[in-house]
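**Student:** Please find one structure pasted underneath; my questions will follow.
The values are calculated or read from the model by the stated rules, or taken from the named source; none is laboratory data. Computed from a predicted structure; not experimentally measured. Counting neighbours? That spans all protein chains shown, and the Cβs are built from the backbone with ideal geometry, glycine included.
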Amino acid sequence: MEKQIILTLPDGSTENFNVGVTGKEIAQKISKELFENAVAMKLNGNVVDLNTKVMEDSQVQILTTKDKEGMDVFRHSTAHLMAHAIKELYPYAKFTIGPVVEEGFYYDMEHDPFKPEDLKKIEYKMHDIMKKKMPIERQEITKKAALELFKDNPYKLEMINELEEGTITIYRQGDFVDLCRGPHIPNTGLIKAFKLTKIAGAYWRGDAKNKQLQRIYGISFPSKEDLEKHLKLIEEAEKRDHRKLGKELELFSFHDEAPGMPFFHQNQAIY
């Protein structure tokens, strides 16, 4: 008989599992719905991949996109999906970092300036990759192997050289590989709805002395309905934006003589 471990769930209940059980297997035993919506696992307070094996008595929570940590994992995986699409369309792009931000994500890269129409091309490619349901796999490699793997990317080399000796984590999906601590969702097929929202410039590591990079922002949701609802909220908020309303109602205006300073009109005054 295989050795058993005791796992404590968020509601305080306990379950017996075999040593080496994965988050995916735990979710499957708890319920079909949880298994279908699981994106990551919180193991003794740390967020990890669903493929992580649990080797001892632990506290476990299966995360979905209803959890903040689960949504962060989901959005960070969408940033990788975007980078994968860009790499296929523009192989010469050199990627730097792609973190999660409030309501979405972005990725910085060395690349010629993007145009708004490029975002549509990237979105189409993202959909192609998403439909293939590519497994997103975590691997641990040596620092030496990482330096060889990313030898053509000076930004990744800089980050790797700052790490201590030992194993370094990378993630693969198809032929795309990225330097990343993770965790990530199990496969690209879980990312159902996304939109690339804007292009911006950003200096490497926020230092104006460094090279200016291209930054692409995006948002993602587990369903098209959630995405449409979010876009509707943004649209309504823009309608009520005081900067837009102020100009439309002729309360104030802006002029080149004083950039950023509003000139208030008479119908703004109270006598």
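**Student:** Looking only at region 103-151, count every residue that is acidic (Asp, Glu), at pLDDT 95 or above and under 17 Å from the mean Cα position of the chain (by Cα) and tell me the total.
**Tutor:** Matching residues across region 103-151 total 3.
**Student:** Does Ser253 qualify as being modelled with pLDDT under 85 and part of a strand (DSSP E or B)? Explain how you work it out, then say what you get.
**Tutor:** On the way: modelled with pLDDT under 85: yes; part of a strand (DSSP E or B): yes.
Spelling it out, Ser253 is indeed modelled with pLDDT under 85 and part of a strand (DSSP E or B).
**Student:** Just one of Glu36, Glu69, Glu2 is of a type in the set (D, E, K, R) and surrounded by 15 or more Cβ atoms within 10 Å (Cβ to Cβ); which is it? Explain how you work it out, then say what you get.
**Tutor:** Working: Glu36 fails: surrounded by 15 or more Cβ atoms within 10 Å (Cβ to Cβ); Glu2 fails: surrounded by 15 or more Cβ atoms within 10 Å (Cβ to Cβ).
Of the residues listed, the single one that is of a type in the set (D, E, K, R) and surrounded by 15 or more Cβ atoms within 10 Å (Cβ to Cβ) is Glu69.
**Student:** Going by the structure shown, is Arg75 basic (Lys, Arg) and under 15 Å from Ile219 (Cβ atoms)?
**Tutor:** Working: basic (Lys, Arg): yes; under 15 Å from Ile219 (Cβ atoms): yes.
Against the criterion (basic (Lys, Arg) and under 15 Å from Ile219 (Cβ atoms)), Arg75 qualifies.
**Student:** Now, a different point. Can you confirm whether Thr96 is touching a residue at least 40 places away in the same chain (Cβ under 8 Å), polar (S, T, N, Q) and in contact with a strand residue (DSSP E or B) (Cβ under 6 Å, 6 or more places away or on another chain)?
**Tutor:** Numbers: touching a residue at least 40 places away in the same chain (Cβ under 8 Å): yes; polar (S, T, N, Q): yes; in contact with a strand residue (DSSP E or B) (Cβ under 6 Å, 6 or more places away or on another chain): yes.
For Thr96, the condition - touching a residue at least 40 places away in the same chain (Cβ under 8 Å), polar (S, T, N, Q) and in contact with a strand residue (DSSP E or B) (Cβ under 6 Å, 6 or more places away or on another chain) - is met.
**Student:** Sort through Val100, Val47 and tell me the only one that's over 12 Å from the mean Cα position of the chain (by Cα) and either more than 20 Å from Asn16 (Cα to Cα) or among the hydrophobic types (A, V, I, L, M, F, W, C) (or both). Spell out the reasoning first.
**Tutor:** Details: Val100 fails: over 12 Å from the mean Cα position of the chain (by Cα).
Within the list Val100, Val47, the selection yields Val47.
**Student:** While we're here: If Gly12 satisfies all but one of (1) in a loop (DSSP other than H, G, I, E, B); (2) among the small types (Gly, Ala, Ser); (3) over 24 Å from Lys156 (Cβ atoms); (4) touching a strand residue (DSSP E or B) at 6+ places or on another chain (Cβ under 8 Å), what's the number of the condition it fails?
**Tutor:** Only one criterion is unmet by Gly12, namely (4).
**Student:** Return yes or no: is Lys24 of a type in the set (Lys, Arg), in a loop (DSSP other than H, G, I, E, B) and either closer than 24 Å to Phe221 by Cα or assigned by TED's automatic domain parsing to the domain that holds Thr169 (or both)?
**Tutor:** Working: of a type in the set (Lys, Arg): yes; in a loop (DSSP other than H, G, I, E, B): no; either closer than 24 Å to Phe221 by Cα or assigned by TED's automatic domain parsing to the domain that holds Thr169 (or both): yes.
So Lys24 fails the test.
**Student:** Among the residues of region 176-211, write down those that are among the acidic types (Asp, Glu) and at pLDDT below 95.
**Tutor:** As a first pass, look at region 176-211 and keep what is among the acidic types (Asp, Glu): 178, 207.
Asp207 - this is the single residue of region 176-211 that is among the acidic types (Asp, Glu) and at pLDDT below 95.
**Student:** Hey, another quick one. Working only within region 16-29, note down all residues that are loosely packed, with under 15 Cβ neighbours inside 10 Å and over 18 Å from Pro186 (Cα atoms). Outline the logic, then answer.
**Tutor:** To start, the set of residues in region 16-29 that are loosely packed, with under 15 Cβ neighbours inside 10 Å comprises 16, 18-20, 29.
If the condition is that a residue be loosely packed, with under 15 Cβ neighbours inside 10 Å and over 18 Å from Pro186 (Cα atoms), then Asn16, Asn18, Val19 are the ones that fit.
**Student:** Something else about it: Taking the options Leu50, Leu34, name whichever one is among the hydrophobic types (A, V, I, L, M, F, W, C) and assigned to a helix (DSSP H, G or I). Spell out the reasoning first.
**Tutor:** Details: Leu50 fails: assigned to a helix (DSSP H, G or I).
Sole residue among the options that is among the hydrophobic types (A, V, I, L, M, F, W, C) and assigned to a helix (DSSP H, G or I): Leu34.
**Student:** Right, something else. If I ask for residues that are crowded, with 17+ Cβ neighbours inside 10 Å and within 14 Å of Lys24 (Cβ to Cβ), which ones from region 43-60 would you list?
**Tutor:** Leu43, Val48, Asp49, Leu50, Asn51, Thr52, Val54, Val60 - these are the residues of region 43-60 that are crowded, with 17+ Cβ neighbours inside 10 Å and within 14 Å of Lys24 (Cβ to Cβ).
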